[in-house]
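Chemist: Could you have a look at this structure, given as structure tokens, before my questions?
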């Protein structure tokens, strides 16, 4: 948690996703849905989160406004009395003009507006501390998909509970997602942004959720079990959270010190897409004898890809190929090839 000192008190704000309780995560997911749909701005999202986490409400300033009114009338009465000599010297017309100017300068609406501007500015600055879900860089929204555990452990459909797949991040990743499940889910995830209609995008999301929250243990049987139809009944906020979490799993491997090598083949420096579709990689590894993707753990799947890549590079070097030639033919950088040899 993030602790912020405010005068003599301390304010505690979440510093990462795992500081949030389940319902708090769903609330933030609902805001991110609106943010990605361009219905609200990043500033409004942060302010809403601040209000939600701290319990602050503008309406709680009722008594403060009442106090301002009482103070105004007290000062008005005092001004009327202390300026009686002004009345006697300059007359009633000048005296009332003076009081009118005084009221315009010190009326409660003016004081309340100034106070509100100060409060709004302070809230806006304070809300910037809530950067666990995203931050803004060069006018771009950069989301944070890093979760130590599955943020939605299970979903319930018609009183039936479906347990979600595990992906626990500590020093290493511990998961029960198989290579085949990840490959299918990855290809669906990549397809979401390419679908021309909302209905097709939703179908991809439902299939992705059916893989990560299976009805049957056997992956192939689960895909043909009609479980995808069940996902149509799931709250869109939950499905958004599931896709958001899976994006974090992809981010883990694409930025991993070792596995990230696999996502840089034949790519521009800033790209994060792998050259082959995940299922093509699975079939290739199975054909080359690196393991059965249906039983292979996800970490073993990526380890197998690294081993396959090393074997291919070393075989080419053994046949007399130069590193520059391998880099040109494969699209793999020379520095990466040196790491593999």
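What follows draws every value from the coordinates through simple rules; no lab data is involved. All values derive from a computational prediction rather than experimental measurement. Cβ atoms come from the backbone with ideal geometry, glycine included; neighbour counts cover every protein chain shown.
Chemist: So what's the gap between the Cα centers of the stretch 199-252 and the stretch 124-151, to the nearest angstrom?
Modeler: Taking the Cα centre of each part, the stretch 199-252 and the stretch 124-151 sit 24 Å apart.
Chemist: Among 332, 157, 250, rank each residue by its count of other Cβ atoms within 10 Å, from fewest to most, as a rough exposure measure. Write out the running numbers ahead of the final one.
Modeler: On the way: 332 24, 157 15, 250 18.
Going from sparsest to densest Cβ surroundings: 157, 250, 332.
Chemist: Continuing with the same structure: Fewest to most neighbouring Cβ within 10 Å: what's the order for 238, 298? Intermediate values should be presented prior to the final figure.
Modeler: Values: 238 18, 298 22.
Exposure proxy ranking, most exposed first: 238, 298.
Chemist: Among 204, 16, 209, 158, which comes first, then next, by fewest other beta-carbon atoms within 10 Å?
Modeler: Values: 204 19, 16 15, 209 27, 158 6.
Result, fewest neighbours first: 158, 16, 204, 209.
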